[in-house]
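Here's the structure, in structure tokens; my notes come after.
The values are calculated or read from the model by the stated rules, or taken from the named source; none is laboratory data. All values derive from a computational prediction rather than experimental measurement. FYI the Cβ positions are ideal-geometry reconstructions off the backbone, even for glycines, and counts take in every protein chain you see.
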Amino acid sequence: MESTKFCMPPDDLIGRLARQIDATKRAEQFTVNAEDVTALRRRGAVALYATCAEFVATVNSRLSSGLLELSPPAFPAEAFRESGTNLFQISSQGRQMQITFEAPEQLVSTEKFLIPYVLEGEVRTYNQQMLDHFEIRSRALFFCLEQDNAIWRFYDWRTRHTGPVGRDLLASLMESLF
């Protein structure tokens, strides 16, 4: 006798299988070599830093006092660490946004996100009050291959919402700290 207590409905199983097949097909269409992936990863790291720098500059241009600080102060492509974690930090008055990212084990992966990606990471936000309550907010980040383009996307595991990483995302995450 088969128990149905923990089984998924057949439509959910079929849907999940179809999504996995599609994701694998998209990942396999990228027949790339290690040098191409390394160059793409460097480009992704620089693009993410540029998004952060543009966000900080835009906010700072509108502040009457105080400043957002971006660390490191610059990030050339050569600063990208292929084997290890890369870290950017945006801070102001004890409020922190940390962005970490690294290369996955495979050249192109779909292990943690259905869209094929070459970099994975996380953006974390917190302030002292949140730390006092052991609360840190986070979103997963992926540098995804989409058609003939690559783009940074976030994924909120709590809401299952995804979208591009840009000024609006950074502003909404930082806004919740003040």
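Can you say whether F143 is surrounded by 12 or more Cβ atoms within 10 Å (Cβ to Cβ), within 15 Å of T51 (Cα to Cα) and touching a Gly at 6+ places or on another chain (Cβ under 7 Å), as far as the supplied structure shows?
Numbers: surrounded by 12 or more Cβ atoms within 10 Å (Cβ to Cβ): yes; within 15 Å of T51 (Cα to Cα): yes; touching a Gly at 6+ places or on another chain (Cβ under 7 Å): yes.
Yes: the conditions hold for F143.
Pull up the range 101-115, narrow it to residues that are within 24 Å of R16 (Cβ to Cβ) and within 13 Å of the chain's Cα centre (by Cα), then point me to the one that is modelled with the highest pLDDT.
Taking the range 101-115 as the starting set, the residues that turn out to be within 24 Å of R16 (Cβ to Cβ) are 104-106, 108-115.
If we keep only those that are within 13 Å of the chain's Cα centre (by Cα) too, we end up with 104, 112-113, 115.
Numbers: P104: 96, K112: 92, F113: 92, I115: 90.
Ranking the candidates gives P104 first.
Step by step: first the residues of the range 48-97, then only those that are among the hydroxyl-bearing types (S, T, Y) and assigned to a helix (DSSP H, G or I), then the one that is surrounded by the most Cβ atoms within 10 Å (Cβ to Cβ). Which residue is that? Write out each step before concluding.
Within the range 48-97, the subset among the hydroxyl-bearing types (S, T, Y) is 49, 51, 58, 61, 64-65, 71, 83, 85, 91-92.
Pick out the ones that are also assigned to a helix (DSSP H, G or I) and you get 49, 51, 58, 61.
Numbers: Y49: 21, T51: 19, T58: 13, S61: 7.
For the range 48-97, the residue satisfying everything is Y49.
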